[in-house]
Amino acid sequence: MVSEKLIAPSILSADFANLEKEIKAIAAAGADWVHVDVMDGHFVPNLTIGIPVVQSLKKISPLPLDVHLMIDEPEKYIEGFIKAGSDYLTIHVESTKEPAAVLRRIRALGAKAGITLRPGTSIEKILPLLELCDLALVMTVEPGFGGQSFMRDQIAKISRLRQEIQTRKLSLLIEVDGGINEQTALECHEADVFVAGNYVFKNDYATAIAHLKGRSLV
Ligand code: DX5
Ligand code: ZN
């Protein structure tokens, strides 16, 4: 487990007319990564941003880009997202027939590979893939929208991942995404990386980030 939590504000809750300003502001406020939610209107019932936007963000971001793909057939697009500058590229296990091959390809193309799953998907589905991953993301809301309520029943997945990492001596990071605020972050103390959209962007950025880091130390 990392000694200090990493904070990845989700720009889904940022002002889209001022993304450069927003990213520089969260960097100055102590954020560690920028979380970029990519949705295709098929895998989830919402549309957000794509490869050209990631390419533009890469030019101005002082922070690594943590790109969360909520799209069908990610194998068609991973090369584009990596060339555009994704540092971490996370796919949903439900979104492709060949998750292992996609994860291997992400690494071969030079990015860090992440795996994630919907709240209704059993953790067992991703356990055989952990050796191929630099990050495992636990969703604590149904993917698709920011500002939803935290699903407490998903916390057991974080503990299970922590156990597997210890037993199998793996070094991947555990990230949690959805409904994270200073209280729910405490409940997820076994995670390494907190994604937070509304909690950061609807509050004072530096205060929110400090609360997520300071009050979540274990
Ligand atoms: C949901 C996205 C999240 C979302 C989090 O599909 O993956 O990253 O932006 O937003 P909050 O923190 O507001 O729940
Ligand atoms: Zn996300």
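Derivation of every value follows stated rules applied to the coordinates shown; laboratory data play no part. In this text the structure is predicted, and so the values were computed from the model without any measurement. We place every Cβ from the backbone using ideal geometry, glycine too, and count neighbours over all the protein chains shown.
Determine the shape class of the chain: with a ≥ b ≥ c the square roots of the Cα gyration tensor eigenvalues, call it rounded for a/c under 1.5, and otherwise prolate if a/b is greater than b/c, oblate otherwise. Rounded, because the longest to shortest axis ratio a/c is under 1.5. When you restrict to C-alpha pairs under 8 Å that are six or more residues apart and normalise by the size of the range 105-218, the relative contact order lands at 22 percent.
Counting neighbouring Cβ atoms within 10 Å and putting the fewest first, the residues Glu124, Glu22 line up as Glu124, Glu22. When only Cα pairs below 8 angstrom with a gap of at least 6 residues are kept, the chain shows a relative contact order of 22 percent. Going by neighbour counts of Cβ atoms within 10 Å, the residues Val93, Val102 line up, fewest first, as Val93, Val102. From least to most packed, judged by other beta carbons within 10 angstrom and beginning with the fewest, His189, His42, His92 follow the order His42, His189, His92. Once you reduce the range 161-218 and the range 16-64 to the center of their Cα atoms, the two points are 19 Å from each other. Taking every DSSP bridge with both residues inside the chain, close to 5 percent are antiparallel. Quick check on my link table: of Lys21/Lys169; Lys5/Lys83; Lys58/Lys169; Lys83/Lys202, which ones sit more than 30 Å apart, alpha carbon to alpha carbon? In this structure, Lys21/Lys169; Lys58/Lys169; Lys83/Lys202 lie more than 30 Å apart at Cα. Over 21 Å between Cα atoms, which of Lys24/Lys213; Lys24/Lys112; Lys24/Lys59; Lys125/Lys213; Lys76/Lys97 qualify? Cα-Cα > 21 Å for Lys24/Lys112; Lys125/Lys213; rest within.
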